[in-house]
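What follows is a short report on a single structure.
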Amino acid sequence: MTELTKEMFERASEEQRNAEKIRRPSIKYWPDVWRRLKQNKLAMVGLVLIILITVMAIAGPMISGYTYYEQDYSNINVKPNSDFWFGTDELGRDLFTRTWYGARYSLLIGILAAAIDFTVGILYGGIAGVSSRRVDSIMMRIAEVIYSIPYLLVVILMSVVFSSQGSGTSLFVIILAMTITDWVPMAILVRGQVLQLKEAEYSLASESLGADQGWILRKHIIPNTLGPILVNVTLTIPRAIFAEATLGFLGLGLQAPKSSLGSLANDGLAGMAVGLTYQIIFPALLISLIMFSFNVLGDGLRDALDPRLRK
Amino acid sequence: MKKYLLKRFVMSIITLWAIVTITFFLMHAIPGNPFAKEGKMPPVVYENLQKKYGLDKPLYQQYLIYLGNLVRGDFGESMKSRVETVNDMIERGFPVSARLGAQALVFALIFGPALGAMAALYQNKMPDYISMIVAIIGISVPSFVMGTFLIQFVAKNVSFLPIGGWGEFKHTILPSFALGLMPLATMARLMRSSMLEVLNQDYIKTAKSKGLTKFAVIMKHAVRNAILPVVSVLGITISNLLVGSFVIEKIFGIPGLGMFFVKSIGNRDYTLIMGTTVFYALILVLMLLLVDITYMLVDPRIRLTEEGH
C-alpha cells in the first residue's frame, strides 16, 4: 500500500465544492402543473373565458341600466340596438340584463352542485376506501344502484314533486336534484384512488421509515388524489350547468321573472318560431361558451396533471 | 361467467325496484290532490275519482297494487286522457323514440370511433384537427341549441329537410344528427386517446415487423383493442340519448315518448309521469345489462377476472 503524503492532496476550489449544489429552485408540483397548463392554448382560452363570463355575470346586469323583471310595453320584441344590446323579449324586458342574470344562476348552480358533489363524494368514497372489504363492497353496490338511475329523470321528477303548479322550481330543489345522483362518480374516483395509493410503494416506503397513518394520508395520499379530483370538479360544473339548462328548456327551471340560460332559450324558442332568432341566439351561444370553457379547461388540467406526459 | 351474469341480473332487478319505489313514494309525496286543477267538484265526484284511481286505500296497499300491476306489465291509467291508458301511450310513442334513438346511436357509433381513429393515426395533422373541432362542438353545444340552429339555418334553407314532424325518413335526419352529435364527440375523443395508447404498444411493432399490411395492423390489432373504452361508455351514452330525446322531440315536434313525458310534466298527469319514468328506467336497465354482456364478450379479461373471484 502506498503511503499517503501531503503532496497527494489538494485543496478543492470554490467551483469544485459547489459542483453538486442544486442552484435553481426545484419546481414544486403545482407550479409545474400551472406551467404546463399555460402552454395549453385551448385551456388558457377556456380559463380566460370563464373569468370574463364570471365578471360579466356579476357586473352585466348592472351596466345596462335595466332590471331583469322590468316590463316595458312600448318596447316589445325590439331587435338588438344601441339601447337594448341583445334586444327585448315579448314583455319588453331587456335581454342583455336577463342573459347575464341567467348566466349568474347557471354558474351559481354549476359551482354549488360541484361543491356538494365534491364534499359528499370525498366523504363517501374516502370512508369506503378505508373501510373493511365488506363495508366497502356494500357501499359501492349502493352507489352503483344510485348511479344507474338516469339522473336527468330524477332531476325532472324532483322538480315536478317539489314545485307546485306554475311556481317554478326553487334553486334549492334544482341543486338537490342535480346532486342526488351526481356525487357517485366522485365517490368512485376517490375510493379507487385511496385504495390504490394506500398500497402504493411510496406509502409503504414511508410507513417502513416509521411514518404514521396521518402523515401518509397528509403527505402522500391527499396530494396525489387532489389532481384527479380537481379535474372531476371542472367537468362536474359544465354537466350541472347543462342539466339545469335542459331543465329550464323543458319549462322546469326557475320561476319567472327569474331566468336561467335554459329558460331563456326556452322563451327564445317561441320567439324563433315567429322569426325573432336573436332571442334564442344569445343565451344559446352563452351556454355553449360556458360548456366549451369548462370542458377545455378540464381537459387541459387533466393533461397538465398527468405526470406521464411530463417532459 | 354464469355466476357473473346472474349477479348482474339480480343487481338490475334491485336497481329497477329501487327506481320504482323511489318514483312511487316521490309522486305520492306531492302535497295537494291531483284533481285540484279540474276546479271545484262535488264531494261525491271527488270520492269516486279517488276510488277509481285507488287513492282511498292506505299507501302501502297502493304501493303493493302498483308493484303487482307493473309485474304484469300494466302501467296504469292516465289521469288526464280519458281514452288512452299509459300502456297505449307507450305503445304509440316508444317505437318513434326508439327509432330516433337507434338512428342517433348508429350515427354516433359509425362516425365517432372512425373519427377518433383517424385523428390518432394522423396525429397533429388535418384529420386530427377536424376531429378535435367536431369533438369540441359536440361537447359544448347542448342538443337543444344544436336542434334550434339546425332548424334555423339548415331546414329553412334546404327544401327536402323538413322543419319538424314525423313519418318519413327525411323527418329523422336532422333530429338524429342533433341527438347523436354529443355521443359521437365523446366517442371520438375516447377513441383518439385509447388509439394513441394502443399504437405505442409493443404488439403493434411486432405485427408491423411480421410484415402485415398497414390496414391489417390497424384493423386487427389497433382498433380492436382501442375500441374497448368506447364500448364501456355505451351504457351512459344510451342513458344520455334517452334524456336527449325529450328535448329533441320537443324542438322537432316528434310524437315520441319523450314528448308524452314532457307534456305529462306540464299537465301534472301523475300516473303518466310515473309510468313513463318506470318504463324509461326499465329500458335503461335492460340496455345497461346488454352493454355489460357485450363488454364481457368483447373483452376476455373481464371474463377471466370475474371467474377468478
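Have a look at B:Tyr46, B:Tyr60, B:Tyr4 and point out the one that is assigned to a helix (DSSP H, G or I) and at pLDDT 80 or above. Full working, then the answer.
Details: B:Tyr46 fails: at pLDDT 80 or above; B:Tyr4 fails: at pLDDT 80 or above.
It is B:Tyr60.
Search the range B:12-26 for residues being among the aliphatic types (A, V, I, L, M) and within 7 Å of another protein chain (Cβ to nearest Cβ), and hand back the single one that is farthest from A:Leu157 (Cα to Cα).
Pass one, the range B:12-26, residues among the aliphatic types (A, V, I, L, M): B:13-14, B:16, B:18-20, B:22, B:26.
Subsequent filtering for residues that are within 7 Å of another protein chain (Cβ to nearest Cβ) retains B:14, B:18-19, B:26.
Working: B:Ile14: 20, B:Ala18: 14, B:Ile19: 11, B:Leu26: 8 Å.
Out of the qualifying residues, it is B:Ile14.
Annotation: of all residues in the range B:25-43 being in a helix (DSSP H, G or I) and closer than 21 Å to B:Leu64 by Cβ, the one that is modelled with the highest pLDDT is B:Phe25.
Applying the selection to the range A:202-215, what residues are surrounded by 15 or more Cβ atoms within 10 Å (Cβ to Cβ) and aliphatic (A, V, I, L, M)? Passing the criteria: only A:Ala211.
Quick check, is B:Leu241 in contact (Cβ under 8 Å) with a residue 60 or more places away in the chain, more than 10 Å from every other protein chain (Cβ to nearest Cβ) and farther than 19 Å from A:Ala243 by Cα? Write out each step before concluding.
Numbers: in contact (Cβ under 8 Å) with a residue 60 or more places away in the chain: yes; more than 10 Å from every other protein chain (Cβ to nearest Cβ): yes; farther than 19 Å from A:Ala243 by Cα: no.
Spelling it out, it is not the case that B:Leu241 is in contact (Cβ under 8 Å) with a residue 60 or more places away in the chain, more than 10 Å from every other protein chain (Cβ to nearest Cβ) and farther than 19 Å from A:Ala243 by Cα.
For the range B:276-287, indicate whether the set of residues that are farther than 26 Å from B:Ser12 by Cα, more than 8 Å from chain A (Cβ to nearest Cβ) and within 14 Å of the chain's Cα centre (by Cα) is non-empty. No, because not a single residue in the range B:276-287 is farther than 26 Å from B:Ser12 by Cα, more than 8 Å from chain A (Cβ to nearest Cβ) and within 14 Å of the chain's Cα centre (by Cα).
Tally up the residues in the range A:269-284 that are part of a helix (DSSP H, G or I) and within 8 Å of chain B (Cβ to nearest Cβ), please.
Here is the first cut: in the range A:269-284, the residues part of a helix (DSSP H, G or I) are A:269-273, A:278-284.
Of the ones still in play, those that are also within 8 Å of chain B (Cβ to nearest Cβ) are A:269, A:272, A:280, A:284.
The number of residues fulfilling the criteria is 4.
B:Ile22 meets the conditions (1) open to solvent by 70 Å² or more (accessible area, probe 1.4 Å); (2) of a type in the set (A, V, I, L, M); (3) at pLDDT 85 or above; (4) within 30 Å of B:Ile251 (Cβ to Cβ) in every case but one. The failed one is (3).
When residues in the range A:232-253 are screened for being without any contact (Cβ under 8 Å) to a residue 40 or more places away in the chain, open to solvent by 30 Å² or more (accessible area, probe 1.4 Å) and assigned to a helix (DSSP H, G or I), 0 of them pass.
Condition check ((1) more than 14 Å from chain A (Cβ to nearest Cβ); (2) surrounded by fewer than 17 Cβ atoms within 10 Å (Cβ to Cβ)) across all residues:
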| site | (1), (2) |
| --- | --- |
| B:Asn87 | yes, yes |
| B:Ala102 | yes, yes |
| B:Val106 | yes, yes |
| B:Ala117 | yes, no |
| B:Ala120 | yes, no |
| B:Ile139 | no, no |
| B:Leu150 | no, no |
| B:Leu161 | yes, yes |
| B:Gly167 | yes, yes |
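Summed over the range A:246-268, residues that are under 30 Å from A:Leu42 (Cβ atoms) and within 11 Å of another protein chain (Cβ to nearest Cβ) total 8.
Looking at the range B:122-137, which of its residues are open to solvent by less than 20 Å² (accessible area, probe 1.4 Å) and hydroxyl-bearing (Ser, Thr, Tyr)? Lay out the reasoning, then the answer.
Here is the first cut: in the range B:122-137, the residues open to solvent by less than 20 Å² (accessible area, probe 1.4 Å) are B:128, B:131, B:135.
Across the range B:122-137, the qualifying residue is only B:Ser131.
When the range B:233-249 is filtered for residues that are surrounded by fewer than 19 Cβ atoms within 10 Å (Cβ to Cβ) and under 22 Å from B:Ala120 (Cα atoms), only B:Val233 remains. Among residues of the range A:98-125 that are over 16 Å from A:Lys258 (Cβ atoms), those with a Cβ under 6 angstrom from a residue that is in a helix (DSSP H, G or I) and of a type outside the set (A, V, I, L, M), sequence gap 6+ or separate chain, pair up as A:Ala113/A:Thr179; A:Ala114/A:Thr236; A:Ile116/A:Thr179; A:Asp117/A:Thr179; A:Asp117/A:Asp182; A:Asp117/A:Thr236; A:Gly125/A:Arg191.
For (1) open to solvent by 40 Å² or more (accessible area, probe 1.4 Å); (2) more than 14 Å from chain B (Cβ to nearest Cβ); (3) at pLDDT 80 or above; (4) within 21 Å of the chain's Cα centre (by Cα), each residue gets a yes or a no:
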position	(1), (2), (3), (4)
A:Trp100	no, yes, yes, yes
A:Leu112	yes, yes, yes, yes
A:Leu123	yes, yes, yes, yes
A:Arg141	yes, no, yes, no
A:Glu144	yes, no, no, no
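Consider B:Leu59 carefully, then state whether it is touching a residue at least 60 places away in the same chain (Cβ under 8 Å) and open to solvent by 10 Å² or more (accessible area, probe 1.4 Å). Answer is no for this residue.
Exactly one residue out of A:Ile156, A:Ile229 is part of a helix (DSSP H, G or I), modelled with pLDDT of 80 or more, aliphatic (A, V, I, L, M) and within 30 Å of B:Val145 (Cα to Cα): that is A:Ile229. Before we move on, is A:Phe162 open to solvent by less than 60 Å² (accessible area, probe 1.4 Å), of a type in the set (Phe, Trp, Tyr) and at pLDDT below 75? In short, no.
Evaluate the range B:116-125: report whether one residue or more is of a type in the set (S, T, N, Q), over 27 Å from B:Gly258 (Cα atoms) and touching a residue at least 40 places away in the same chain (Cβ under 8 Å). Walk me through it before giving the result.
Narrowing the range B:116-125 to residues of a type in the set (S, T, N, Q): B:123-124.
When the remaining residues are screened for being over 27 Å from B:Gly258 (Cα atoms), the result is B:123-124.
Among the residues that remain, those that are also touching a residue at least 40 places away in the same chain (Cβ under 8 Å) are: B:123.
Checking the range B:116-125: at least one residue is of a type in the set (S, T, N, Q), over 27 Å from B:Gly258 (Cα atoms) and touching a residue at least 40 places away in the same chain (Cβ under 8 Å).
Sort out which residues of the range A:187-201 are exposed (fewer than 15 other Cβ atoms within 10 Å of the Cβ) and either touching a strand residue (DSSP E or B) at 6+ places or on another chain (Cβ under 6 Å) or at pLDDT 85 or above (or both), and write them in order of number. A:Glu201 - this is the single residue of the range A:187-201 that is exposed (fewer than 15 other Cβ atoms within 10 Å of the Cβ) and either touching a strand residue (DSSP E or B) at 6+ places or on another chain (Cβ under 6 Å) or at pLDDT 85 or above (or both). Checking A:Leu42 against (1) modelled with pLDDT under 80; (2) open to solvent by less than 100 Å² (accessible area, probe 1.4 Å); (3) not hydroxyl-bearing (Ser, Thr, Tyr), only one condition comes out false. Which one? Only one criterion is unmet by A:Leu42, namely (1). Taking (1) open to solvent by less than 30 Å² (accessible area, probe 1.4 Å); (2) facing chain A (nearest Cβ under 10 Å) in turn, B:Phe252 satisfies each apart from (2).
The values are calculated or read from the model by the stated rules, or taken from the named source; none is laboratory data. The shown structure was predicted, so the numbers you read here are calculated from the model rather than taken from an experiment. Virtual Cβ from ideal backbone geometry, glycine too; neighbours counted across all protein chains shown. Surface areas here come from the heavy atoms of the whole protein model, side chains and all, with no ligands, DNA or RNA. Shrake-Rupley method; radii C 1.70, N 1.55, O 1.52, S 1.80 Å.
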